[in-house]
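Worksheet: the structure to be examined is printed underneath.
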Amino acid sequence: MTPLDRLLARADPLFKSPPFDEKTLPASFKLAPAHKQLLQRRNGGYFWGGALHIFGACAEPAMHSLSAWNEPGLWRAGFGDATGDLIFFAENAFGAQFGLDAAGKIYEFNAELAEIKEIADNFEQWLLIAVEAPDELLSRALVAQWASQHGHLPNGSQLQAYPPFVFA
């Protein structure tokens, strides 16, 4: 089973991805072959019970649109230049963003600290980490614990750590 197949096996069946529409992608966004295949097979979605959200190539719903999520005036404005020129394609349930630069390297933007760190050389390597070592990217146990007490994490929602992880 390929890493993409393994990821797709973890998709949240409650979220129905809209059709893939490549025309909605940001002009500067270059899809890696594996990323394009993911979006063509399942146009993003939620994985591991909401621990990971991969944005889709669509105009609606806005909370799932890769293009809408990367609008400068949306959430990024509050961080000034801290998000750099990255295009964010996914996020974990606590708001850590996964983005790529023009060379295709993948970074994690920690919104709590407004810090960026490189995590993979390309989308394929990020995908491999996501399926082989997801706890390096996601807080699956915390999301599962929350869901066991409160039910399914609603699509488009994020969890907030209290106290913040930075104080742990």
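The values are calculated or read from the model by the stated rules, or taken from the named source; none is laboratory data. Just so it is clear, the structure is predicted and the values come from calculations on it, not from any experiment. Here the Cβ positions follow ideal geometry from the backbone for every residue, glycine too, while neighbour counts run over all protein chains shown. Accessible surface areas use protein heavy atoms only, side chains included; no ligands, DNA or RNA. Shrake-Rupley method; radii C 1.70, N 1.55, O 1.52, S 1.80 Å.
Here is the figure for the stretch 101-150: residues that are without any contact (Cβ under 8 Å) to a residue 60 or more places away in the chain, not β-branched (Val, Ile, Thr) and not in a helix (DSSP H, G or I) total 17.
Remark: pairs (first residue in the stretch 29-42, in contact (Cβ under 8 Å) with a residue 12 or more places away in the chain and within 10 Å of Leu4 (Cα to Cα); second residue surrounded by 19 or more Cβ atoms within 10 Å (Cβ to Cβ) and of a type outside the set (A, V, I, L, M); Cβ separation under 8 Å; 6+ apart in sequence or on different chains) = Ala34/Phe123; His35/Phe89; His35/Phe123; Leu38/Gly44.
For the stretch 103-110, the condition holds for no residue, the condition being that it is more than 24 Å from Glu132 (Cβ to Cβ) and open to solvent by less than 40 Å² (accessible area, probe 1.4 Å). The listed residues are Arg6, Arg10, and the only one of them that is over 21 Å from Gln158 (Cβ atoms) and open to solvent by 30 Å² or more (accessible area, probe 1.4 Å) turns out to be Arg6. Which one is least open to solvent (accessible area, probe 1.4 Å) among residues in the stretch 41-92 that are charged (D, E, K, R) and in a helix (DSSP H, G or I)? Result: Arg76.
Take Gly95 and tell me if it is open to solvent by 40 Å² or more (accessible area, probe 1.4 Å) and modelled with pLDDT under 90. So Gly95 fails the test.
Of all residues in the stretch 70-96, count the ones that are charged (D, E, K, R) and farther than 13 Å from Asn110 by Cα. Residues that pass the stated criteria total 3. Scanning the stretch 67-107 for residues that are of a type in the set (Lys, Arg) and under 14 Å from Ala120 (Cα atoms) gives a single hit, Lys105. Scanning the stretch 13-28 for residues that are surrounded by 14 or more Cβ atoms within 10 Å (Cβ to Cβ), in a loop (DSSP other than H, G, I, E, B) and without any contact (Cβ under 8 Å) to a residue 60 or more places away in the chain yields Ser17, Pro18, Phe20, Asp21, Leu25.
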